[in-house]
Amino acid sequence: MTDTDLESLYALPPGVTANFVSSVDGSVSVEGRSAGLGSPADKKIFSLGRELADVVLVGAGTVLAEGYRGARRERPLPIAVVTARGSLTPDLPLFTDTAVPPIVITCAAASLPELPAEVVVAGEESVDLPAAVAELAARGLHRVDLEGGPKLFGAMVAAGLVDALNLTISPLLAVGEASRIATGPVVSPVDLTLASVLREDDVLLLRYLRRNSS
């Protein structure tokens with residue numbers, strides 16, 4: 001499949017598309033990081049998600065665990081980080097190694113240090129995710145690439161904000177106590193339709209759309 005074919009297949013609709021990799025037995029990490037599940041095919045889809053998006057959305061826990069850096073491409077893609085606590089510090093690579101300032105989405109009750117970022121307050125005691133997505137859209141950032149982590153993904157699902165899921169199944173049995181791709185309180189299951197299935201060697205690349213999404 002050509003790059004043009006992939007771009008057409010994985011075109012992001014306006015809204016939120018989640019990108020995750022999982023082992024066959026449902027683990028999202030090996031030794032605390034998703035890189036242990038990665039493959040050239042997964043990295044291709046991960047990069048494509050960023051190329052087609054207007055903004056990356058990620059939780060602060062994932063930024064810290066994965067060592068996120070800022071946007072450094074020819075078309076700098078802003079990274080929006082969701083945090084309800086003061087766990088972000090200005091010396092993180094997210095802020096020191098970037099071509100564009102990140103966006104930090106937080107709530108009024110959070111105590112944040114001074115950060116070299118655009119700080120958006122959405123909610124009082126916790127982050128209001130629908131308001132956060134609306135704030136991104138108000139800035140012309142309509143195609144959101146959600147990269148994690150599981151708690152943020154679960155909260156986005158609960159809020160009815162996830163329109164598509166790109167899921168790579170890595171051919172590993174990881175066992176351990178790692179999280180599944182979405183965690184949080186029980187919600188009504190969201191009905192998905194399988195839009196495409198690709199295979200590279202033993203890796204499966206699945207794309208799902210929410211059934212009431214176009």
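The values are calculated or read from the model by the stated rules, or taken from the named source; none is laboratory data. All of these numbers come straight from a predicted model, not from anything done at the bench. Cβ placement follows ideal geometry from the backbone for every residue including glycine, while neighbour counts extend to all protein chains displayed. Please note that ligands, DNA and RNA were not included when accessible areas were found on the heavy atoms of the full protein model with its side chains. Shrake-Rupley method; radii C 1.70, N 1.55, O 1.52, S 1.80 Å.
A few notes on this one:
- Where a residue in segment 88-109 is under 17 Å from Val55 (Cβ atoms) and outside any loop (DSSP other than H, G, I, E, B) and its partner, wherever it lies, is open to solvent by 40 Å² or more (accessible area, probe 1.4 Å) and among the acidic types (Asp, Glu), with Cβ under 8 Å and at least six apart: Ile103/Glu118; Val104/Glu118; Ile105/Glu135
- Taken over segment 167-180, the criterion of being in contact with a Leu (Cβ under 7 Å, 6 or more places away or on another chain) and either in a loop (DSSP other than H, G, I, E, B) or at positive phi (or both) is satisfied by Leu172 alone.
- Selection from segment 44-63 of residues that are under 20 Å from Phe153 (Cα atoms) and either over 14 Å from the mean Cα position of the chain (by Cα) or polar (S, T, N, Q) (or both): Ser47, Thr62
Listed here are the residues, each with its yes/no results for (1) among the aliphatic types (A, V, I, L, M); (2) open to solvent by 30 Å² or more (accessible area, probe 1.4 Å); (3) over 28 Å from Gly140 (Cβ atoms).
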| position | (1), (2), (3) |
| --- | --- |
| Met1 | yes, yes, yes |
| Phe20 | no, no, no |
| Gly36 | no, yes, yes |
| Gly59 | no, no, no |
| Gly70 | no, no, no |
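- Test: residue in segment 186-203 that is free of Cβ contacts under 8 Å to residues at least 24 places away in the same chain and within 28 Å of Ala110 (Cβ to Cβ): yes
- In the set (1) aliphatic (A, V, I, L, M); (2) open to solvent by less than 10 Å² (accessible area, probe 1.4 Å); (3) in a loop (DSSP other than H, G, I, E, B); (4) farther than 18 Å from Ala117 by Cα, the condition left unmet by Val16 is number (3).
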